[in-house]
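I'd like to ask you about the structure that follows.
The values are calculated or read from the model by the stated rules, or taken from the named source; none is laboratory data. Owing to the predicted nature of the structure, the values given are computational and were not obtained by experimental measurement. All Cβ positions, even for glycine, are placed from backbone atoms using ideal geometry, and neighbour counts span all protein chains on display.
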């Protein structure tokens with residue numbers, strides 16, 4: 001009986017030690033940073049999924065194999081339905097992209113508002129301006145976002161493509177003339193649209209804009225990993241200790257889950 005009591009006391013002590021490690025992890029600055037980074041990465045994942053769905057819808061509309069279904073004269077309703085899928089996914093992509101910009105603004109304020117990170121915060125602002133906010137694609141995307149919220153469906157049209165007298169496909173297009181009819185563009189966006197030849201090819205525009213987003217967030221996460229390396233390492237050490245103690249008490253985690 002004495003041995004059983006002592007074993008329970010040891011187990012209780014080790015359980016208390018495990019709970020202490022878990023609390024230390026949760027309270028650590030490294031875990032705070034990791035949680036913040038994970039939150040922004042998940043937001044970016046939403047943007048990526050919306051981007052993939054939009055590109056797939058554009059490519060499906062433009063696919064040569066879709067010509068028999070979309071382009072007979074009597075297929076007007078089918079065309080409109082396919083176009084509506086593109087419009088819906090464009091709206092979703094723009095909403096997710098601009099929500100992500102807001103998330104990063106809050107992210108910076110939460111992590112880097114103090115003097116300790118003043119230089120890094122300024123570097124983030126400079127990279128954000130250089131890679132996203134100062135680019136024509138962002139100005140136009142911002143205008144399209146406002147247009148879809150307050151005016152109506154974006155003015156997407158299609159340009160038919162032929163070869164040898166036969167229809168071989170189409171390109172979804174934002175007409176320069178149609179875009180410039182709206183007076184809500186920022187001066188920067190309007191100048192960018194006016195400087196183009198005929199308008200904006202939707203597929204190319206979306207790909208370029210998404211690549212700019214990707215470039216900035218890849219830079220941000222690499223930089224954060226370097227800036228917070230010591231804090232993250234300290235949190236990881238605590239996590240390894242907690243995992244080892246948990247497995248000593250209850251067995252390997254993967255076996256519990258199987």
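Being within 23 Å of residue 59 (Cα to Cα), out of contact with any strand residue (DSSP E or B) (no Cβ under 8 Å at 6 or more places or on another chain) and either touching a residue at least 24 places away in the same chain (Cβ under 8 Å) or not in a helix (DSSP H, G or I) (or both) is true for just one of 238, 213. Which residue is that?
Details: 238 fails: within 23 Å of residue 59 (Cα to Cα).
Of 238, 213, the one residue that is within 23 Å of residue 59 (Cα to Cα), out of contact with any strand residue (DSSP E or B) (no Cβ under 8 Å at 6 or more places or on another chain) and either touching a residue at least 24 places away in the same chain (Cβ under 8 Å) or not in a helix (DSSP H, G or I) (or both) is 213.
Determine whether the range 6-17 contains at least one residue that is more than 18 Å from the chain's Cα centre (by Cα), modelled with pLDDT of 85 or more and exposed (fewer than 13 other Cβ atoms within 10 Å of the Cβ).
Looking through the range 6-17, at least one residue is more than 18 Å from the chain's Cα centre (by Cα), modelled with pLDDT of 85 or more and exposed (fewer than 13 other Cβ atoms within 10 Å of the Cβ).
Let me ask something else about it. Using beta carbons and a limit of 9 Å, which pairs, at least six apart or on different chains, have the first residue in the range 101-113 and part of a helix (DSSP H, G or I) and the second one exposed (fewer than 12 other Cβ atoms within 10 Å of the Cβ)?
Correct list of pairs: 112/118.
Select, from 175, 187, 214, 157, the only residue that is at pLDDT 90 or above and surrounded by 12 or more Cβ atoms within 10 Å (Cβ to Cβ).
Values: 175 fails: at pLDDT 90 or above; 187 fails: surrounded by 12 or more Cβ atoms within 10 Å (Cβ to Cβ); 157 fails: at pLDDT 90 or above.
From the options 175, 187, 214, 157, the qualifying one is 214.
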